[in-house]
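What follows is a short report on a single structure.
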Amino acid sequence: MAVGESQLESGTESDEGVEARVGWRYTLARIADDTTARWGLYIVAVVLLVALYAFVDSNLSRLTLGAVSDYTFANAIPIFDHPTRIPDPGEGRANVPPAFHPEGTLEYPLGTDRNGRDYFTRIVYGTQVSVMVGLISTVLGLVGGTIIGAVAGYYGGAIDDVLMRAIETLYSIPPLILVIVFTVFVGGANIWYAVLGVGLAFVPVFARIIRSQVLSVREMDYIEAARAAGVRDRHIILRHVVPNSFAPVLVYATLQIGVTILIVAGLSFLGYGAQPPTPDWGQMLNTSHGYMHSNIWLSIWPGLAIVITIMGFNLFGDGLQDALDPRIDD
Amino acid sequence: MSSEPLLRVENLKTQFFTDAGTVRAVDGISFEVYEGEIVGLVGESGAGKSVASMSLLRLVERPGEIVGGEVTYKGETVFGLEEGPDGELREREEMLSNEAVRERIRGNEIAVIFQDPMESLNPVFTVGGQLREVIELNRGLSKEAARAEAIEMLREVGIPDPEERYEEYPHQFSGGMRQRVLIAMALACEPSLIVADEPTTALDVTVEGQIIDLVDELQAKYDTSFIWVTHDMGVVAEICDRVNVMYLGEIVEQAPVDELFHDTKHPYTRALLNSMPRPDRTVAELEPIEGVMPEAISPPSGCRFHPRCPDAREVCRRVHPEPEEVARADSHPHNAACLKHDAFDVGYDGSAPLEGDPRTTAGGSGGEGGE
């Protein structure tokens, strides 16, 4: 009965007109209706909150002189310029197992590493690195790809040919190799170079999606109307072409955040990304893989963190895709 | 009317260079628009009406190109070619630059209303926002002033509760309401000329009537000139002062509207009028024009209408008529491009009538024209 009622409701036009099938509110409502997407949203929200906490805490602790064992995260991410404090291994007990282990203690819920640093705190701080890396390089790729794809698609002709051939050349190089070569080329292993490199590596993907959208959007009458009203090309691209081509890219970007996090973690694992003592999940895997036999937990926790985060972004992205697709009905 | 026209188009030619060959979409048309006048541009689909009107604003896209003729607006050369020293055609020095056309002419001097109101508004922004933006960009007003002006314009074109509707998106408007918004947008920059490209074709008849009344009213108030592109002779009769009938890229008849209807001089115009559904005639009495319009890529020889023309004679196949003045009304010439008139002394009367079914003699493969 409830189903019948809701169908009736959505099928009836109220006085305020037909309910809009666009807009943030509608999209969010669609996501809230979809169980997997909702879980994706929860995971993403938790990950973002944890990252925000770590960011505030690591930067605050420098001001307030040590919240919790501040040597542990002094090197979280150098947003603000501050003297690098070398963690002091003498203070904690090294290689404490997780709390559920008979030898574990609640003081270190996930145990400590071989330097005696609290692993839980490092995982929490690693969130900050992963989220920032994922967001920033995705945004870089998105902005770069959008500009190139929109210009190529809008103007067409020779401009399109030149831009898209360049993009395809870039696209033909495997991203991991491209980023490694890039980081080596610009000055060595550094998390920010890795972020920049990953952003660059994903410009082609976004450029191609945007371009294919622009090819149909540019034929719309409102583009012609804008041109007939004497609007500049730049303004037409930014105000009319890009906003109308953006939905599929937005979905792709959400899925891309997960991929980006994975790639940067891989880079850090290989030693081209975050450097110790920065608590980055990939870097933590790198440090811990030598101790897999003596303490497997040191590898499991960061691995699990990566899996959960990526799963969250992917579930959310899938849900967003369904929510933005007008063909899929409730 | 002896004063200088607002817009003068002379021998305008626009061609599309496609793989299949050159499509002569607009092939040497000339007409004038005087101040405060509504001039009709009438013809079948593919006659080149839209291309002609877009050419006025130099908005022809690749592979199309304006290849000849002159467009003069308020004494300024919007488009003009001259012969260079080496015999090559080149753009005249006084021709306005792309920037000048974009910033001064488009929107500010000549505005366009498009055919499909459903597609002519950007779906991701509010109606008011788009209208405000146009005003802001073209008239250099502040955001608040532009907003007030936009609401005023919405009220002017008959949109109820303009303050509330201002915040709504295009999909919340009906077709007729959207067309009103587009008219508001065109009028917002107070242009002297509005090109209306089949603005009522996508609307149903009652709404069409309302829109035409609205335009009539606003035209009287603002004294804006219109070029009204349409294939609907009924609309022409209702709204236009003078009419240009286009066939296959050429203007075949030019006359004040009453003159055109009551003293039709070109067989094509007559055929158009006869094929128009009217309440006083049944479908069986309608006389659709025989055959289809040939492709502009390979127009028939001589008079382009001769394969479909009931009055065609042998001479029509050989001689290409340019419009000549065949009568005069209200100090405006009545031009027609048909050899049967005395103004053409090519021996029409002595020529033998063409035999055969017009459909089988129509040139081309019968596809769509070059629009």
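Some points to look at:
- Folded to 0 to 90 degrees: helix B:127-139 orientation relative to chain B principal axis, Cα: 80 degrees
- Relative exposure of B:Met246, B:Met95, A:Met284, judged by other C-beta atoms within 10 Å (fewest first): B:Met95, B:Met246, A:Met284
- Chain B: most fluctuating residue of B:Phe31, B:Phe17, B:Phe226 per GNM, C-alpha cutoff 10 Å: B:Phe17
- Against chain B, whose longest principal axis is taken from its Cα atoms, helix B:205-222 shows a tilt of about 70°.
- Taking other C-beta atoms within 10 Å as the exposure proxy, A:Phe100, B:Phe125 rank A:Phe100, B:Phe125 from fewest upward.
- Signed unit charges on C-beta, dipole axis of the protein assembly as shown, positive-most listed residue A:Phe120, A:Thr254, B:Cys240: A:Phe120
- Here's how it looks for B:Gly40: its modeled amide H is under 5 Å from those of B:Trp228, B:Asp241, B:Arg242, B:Val243, B:Asn244, which are all 5 or more places away or on a different chain.
- All aspartates and glutamates inside 19 Å of B:Lys340 as judged from Cα atoms, apart from same-chain residues fewer than 8 positions distant: B:Glu250, B:Glu253, B:Glu259, B:Asp263, B:Asp311, B:Glu314, B:Glu322, B:Glu324, B:Glu325, B:Asp349, B:Glu355
- Of all DSSP bridge pairs formed entirely within the protein assembly as shown, close to 65 percent run antiparallel.
- Considering only B:Leu59, A:Val96, A:Thr278, the residue lying farthest towards the positive end of the dipole of the protein assembly as shown is A:Val96, judged by Cα position with unit charges set on Cβ.
- Antiparallel bridges, percent of DSSP beta bridges restricted to chain B (to nearest 5): 65 percent
- 20 Å binning of all Cα-Cα separations within chain B, expressed as whole percents from 0 upward: 27, 56, 16, 1
- Working note: Debye formula, equal point scatterers on the alpha-carbon atoms of the protein assembly as shown, no solvent; log10 I(q)/I(0) at q = 0.08, 0.10 Å⁻¹ is -0.79, -1.02.
- Distance cut-off 27 Å, percentage of C-alpha pairs in segment A:119-324 lying past it: 39 percent
- Each Lys and Arg adds +1 at its Cβ and each Asp and Glu adds -1 at its Cβ; summed about the Cα centre, chain B shows a dipole of about 480 debye.
- Residues A:Trp24, A:Trp297, B:Trp228, sorted so that the one with the fewest Cβ neighbours within 10 Å comes first: A:Trp24, A:Trp297, B:Trp228
- Normalising the average separation of contacting C-alpha pairs (under 8 angstrom, six or more residues apart) by the number of residues puts the relative contact order of chain B at 19 percent.
- Counting only residues at least eight positions apart within a chain, or on another chain, the lysines with an alpha carbon under 25 Å from that of B:Lys74 are B:Lys13, B:Lys49, B:Lys221.
- The distance linking segment B:127-181 with segment A:90-127 is 62 Å (Cα centroid to Cα centroid, whole angstrom).
- Its Cα centre serving as origin, segment A:119-324 has a Cβ charge dipole (Lys and Arg +1, Asp and Glu -1) of approximately 300 debye.
- Helix-derived mean residue ellipticity, 222 nm - over chain B, DSSP H n ≥ 4, -39500 (n - 2.57), to 500: -8000 deg cm²/dmol
- Seen against the Cα atoms of chain B and their longest principal axis, helix B:143-156 is set at about 50 degrees.
- Per-residue mean of C-beta atoms belonging to partner chains within 10 Å, peptide B:133-142: 2
- The relative contact order of segment B:1-120, computed from alpha carbon pairs under 8 Å that lie at least 6 residues apart in sequence, is 23 percent.
A short reminder: the numbers here are calculations on the coordinates, not readings from a lab. Quantities reported herein were computed from a predicted structural model and do not represent experimental measurements. In this analysis, Cβ positions are derived from the backbone assuming ideal geometry, glycine residues included, and neighbour counts consider all displayed protein chains.
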